[in-house]
Amino acid sequence: MMENADVLRRLRAPEGFLDGVLRKVGLVDRYARVDSPIGVVRVAVGKHGISAVMRAKSDAEFERRYRERTGRRAERHDDMVEELGDALTGSGEIGVDLRGCNGFQRAVLDATRTIPAGSVRPYAWIAREIGKPKAVRAVGTALAQNPVPLVVPCHRVVRSDGDPGEYGLGAGTRDKVALLRHEGIDIGEMRKRVSARAFWAIEGEDTYCYPYCFEQQLEHDRVVRFDSAHDAHREGLTPCSTCRPPLPG
């Protein structure tokens, strides 16, 4: 028996065996350096989906910060660059891992994911979408802690006065403006539309929109403006299904 115990103590697992076990149980994630409209970011993915989008000065810094945030190790896999790049543009098929978020933040991020490219919404819109219309400040805090910016497009959420506001990937407003411009948004026009706090409709159409519903391509020469949802409803118009302005009440 003692001889068998000595043999067992001398045994060593094959090289890479432990890493293989950790990967199998989901304790080692993968990441790649991906080009974005605001420069290189590192994107990580685990068995539950995209789990981080970060700027970092080096792989070592990213891996350290990722482990501090998630408790898991991440390995660089350059063969995933294209797949993770698609995730940043919304054309990929990888899910999003928001398990580290509390219920309120997850609701905020889920609502933010519904905003289409080329459109913006104010923080108050998110608050109303999640059934917490008075929680505008808390919405801003939740978005500032978004673990997967670009994938969850928090850059499309702006202040009610039309100012883009801050952004959490490191360069603040400058990055946010660059991302919105990349999606075709005229920042000056956005400021004017949002700060007007009115509802717009295209002449001849049967729906009314927030003025920042760029999805509707509101043209100045065909726009009818309403100062309230009640005024729009009185004209027989219904809320746009994309930007979901409020019903009168």
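Worth a mention:
- Selection status of Glu166, acidic (Asp, Glu), in contact with a helix residue (DSSP H, G or I) (Cβ under 7 Å, 6 or more places away or on another chain) and in a loop (DSSP other than H, G, I, E, B): yes
- Enumeration of residues in the range 114-133 that are of a type in the set (Lys, Arg) and modelled with pLDDT of 95 or more: Lys132
- Single residue of the range 166-190 satisfying the filter (at pLDDT 85 or above and small (Gly, Ala, Ser)) that is farthest from Val151 (Cα to Cα): Gly188
Residue-wise test of (1) surrounded by fewer than 19 Cβ atoms within 10 Å (Cβ to Cβ); (2) among the polar types (S, T, N, Q); (3) in contact with a Cys (Cβ under 9 Å, 6 or more places away or on another chain); (4) assigned by TED's automatic domain parsing to the domain that holds Asp186.
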site	(1), (2), (3), (4)
Asp78	yes, no, no, no
Glu83	yes, no, no, no
Leu109	no, no, yes, yes
Thr112	no, yes, yes, yes
Pro122	no, no, no, yes
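- Applying the set (1) surrounded by 18 or more Cβ atoms within 10 Å (Cβ to Cβ); (2) hydrophobic (A, V, I, L, M, F, W, C); (3) under 15 Å from the mean Cα position of the chain (by Cα); (4) over 20 Å from Leu179 (Cα atoms) to Val53 leaves exactly one unmet item: (4).
For (1) surrounded by 12 or more Cβ atoms within 10 Å (Cβ to Cβ); (2) in contact with a Gly (Cβ under 9 Å, 6 or more places away or on another chain); (3) modelled with pLDDT under 95; (4) acidic (Asp, Glu), each residue gets a yes or a no:
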site: Val7; (1), (2), (3), (4): no, no, yes, no
site: Val21; (1), (2), (3), (4): yes, no, yes, no
site: Asp35; (1), (2), (3), (4): no, yes, no, yes
site: Val41; (1), (2), (3), (4): yes, no, no, no
site: Phe62; (1), (2), (3), (4): yes, no, no, no
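- Identity of the residue in the range 95-135, within 12 Å of the chain's Cα centre (by Cα) and basic (Lys, Arg), that ends up farthest from Glu183 (Cα to Cα): Arg106
- Sole exception among (1) surrounded by 21 or more Cβ atoms within 10 Å (Cβ to Cβ); (2) outside any loop (DSSP other than H, G, I, E, B); (3) of a type outside the set (A, V, I, L, M) for Arg128, by number: (1)
- Hits in the range 158-176 (condition: touching a Pro at 6+ places or on another chain (Cβ under 7 Å), farther than 17 Å from Ala56 by Cβ and surrounded by 15 or more Cβ atoms within 10 Å (Cβ to Cβ)): Val158, Arg159, Lys176
- Residue selection: Pro116 fails the criterion of being surrounded by 22 or more Cβ atoms within 10 Å (Cβ to Cβ) and out of contact with any Pro (no Cβ under 6 Å at 6 or more places or on another chain).
- Only residues that are of a type in the set (A, V, I, L, M, F, W, C) and part of a helix (DSSP H, G or I) were counted across the range 83-118, and they come to 8.
- When Cys209, Cys243, Cys213, Cys154 are checked against the criterion of being over 30 Å from Asn102 (Cβ atoms) and buried (at least 17 other Cβ atoms within 10 Å of the Cβ), a single residue qualifies: Cys209.
- Gly140 passes every criterion in (1) crowded, with 20+ Cβ neighbours inside 10 Å; (2) not in a loop (DSSP other than H, G, I, E, B) apart from (1).
The values are calculated or read from the model by the stated rules, or taken from the named source; none is laboratory data. Treat the numbers as computed from the prediction; the structure is a model and nothing was measured. With ideal geometry, Cβ positions are generated from the backbone for all residues, glycine too; neighbour counts draw on all protein chains shown.
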